[in-house]
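Notes for the one structure printed next.
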Amino acid sequence: MIDLPKKRISMSPCLVTQKEYSEFMSNNSVFRGDELPVESVTWKEALEFCNAKSVKEGLTPYYKFHKTGRITRCSKSKGYRLPTRVEWLHAARFNNKRYAFSGGNDLGNLAWYWDNSGGTTHEVGFKKPNALGLYDMCGNVSEWMWDGDEYGKKYILGGGWSDPSMMCRLPCNRRTHYAHVPSTMVGFRIVKNL
């Protein structure tokens, strides 16, 4: 985990891998490999993973699942969680506001996207990280965020293996996705409060 300056959180340097995910959850990824990012997970499954990992490490779970289907946060918890859009953008842009992408201007060295992915995901952490040491911030798979829009969709940030370069740029990569719909283009990374 990497501490984010001025945000009082730490963030995983890499996307959650299928190996990590499979320790707690059933892996339904289409592209298979232990070190590939987990994909084809719903937003709720990402939250459930965060809670399961927290419990295993003796941390209070960050999310509470109510019988009504509502999900709330325990903001004082030190358990794992998804980043917010603001936190993720802070980490992606850290010390690089002049760059088009998280970590530089040469997307091919930073991310797996339409032009170089070969139509599949790739092992996490293979490309160059950004200034904080965070990998795959603008490619491989887009990432679930905690927050969403007024229509009930959740934000997904970062480019993915099937995105053209313009969808990997900062900050133009803001999109939403239905929380209950898995996609081969969406995975996640985790954070926790300090």
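The values are calculated or read from the model by the stated rules, or taken from the named source; none is laboratory data. Everything numeric here is computed off the predicted structure, so don't read it as measured data. Positions of Cβ are backbone-derived with ideal geometry, glycine not excepted, and every protein chain shown enters the neighbour counts.
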Which of (1) over 19 Å from the mean Cα position of the chain (by Cα); (2) farther than 22 Å from residue 26 by Cα; (3) surrounded by fewer than 18 Cβ atoms within 10 Å (Cβ to Cβ) is the odd one out, the single condition residue 58 does not satisfy? (2)
Does the range 124-139 contain any residue that is closer than 30 Å to residue 70 by Cα and touching a strand residue (DSSP E or B) at 6+ places or on another chain (Cβ under 9 Å)? yes
Among what's in the range 5-38 and is among the charged types (D, E, K, R) and part of a loop (DSSP other than H, G, I, E, B), pick the residue that is modelled with the lowest pLDDT. 6
Wholly within the range 39-120, helices (runs of 4 or more DSSP H) carrying at least 2 residues that are touching a His at 6+ places or on another chain (Cβ under 8 Å) and closer than 21 Å to residue 192 by Cα: 43-56
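Yes/no matrix, rows are residues, columns are (1) surrounded by fewer than 24 Cβ atoms within 10 Å (Cβ to Cβ); (2) closer than 27 Å to residue 51 by Cα; (3) hydroxyl-bearing (Ser, Thr, Tyr):
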position	(1), (2), (3)
127	yes, no, no
131	yes, no, no
143	no, yes, no
164	yes, no, no
178	yes, yes, yes
188	no, yes, no
Return yes or no: is residue 53 over 19 Å from residue 181 (Cβ atoms), charged (D, E, K, R), in contact (Cβ under 8 Å) with a residue 24 or more places away in the chain and touching a Lys or Arg at 6+ places or on another chain (Cβ under 7 Å)? no
Please determine whether any residue of the range 33-41 is among the hydrophobic types (A, V, I, L, M, F, W, C), farther than 13 Å from residue 188 by Cβ and surrounded by 20 or more Cβ atoms within 10 Å (Cβ to Cβ). yes
Scanning the range 89-125 for residues that are at pLDDT below 95 and aromatic (Phe, Trp, Tyr), the one surrounded by the most Cβ atoms within 10 Å (Cβ to Cβ) turns out to be 101
Of the residues in the range 5-28 that are surrounded by 14 or more Cβ atoms within 10 Å (Cβ to Cβ) and in contact with a Leu (Cβ under 7 Å, 6 or more places away or on another chain), the one that is farthest from residue 76 (Cα to Cα) is 18
How many residues are outside any strand (DSSP E or B), in contact with a Leu (Cβ under 8 Å, 6 or more places away or on another chain) and not polar (S, T, N, Q) if we restrict to the range 160-194? 7
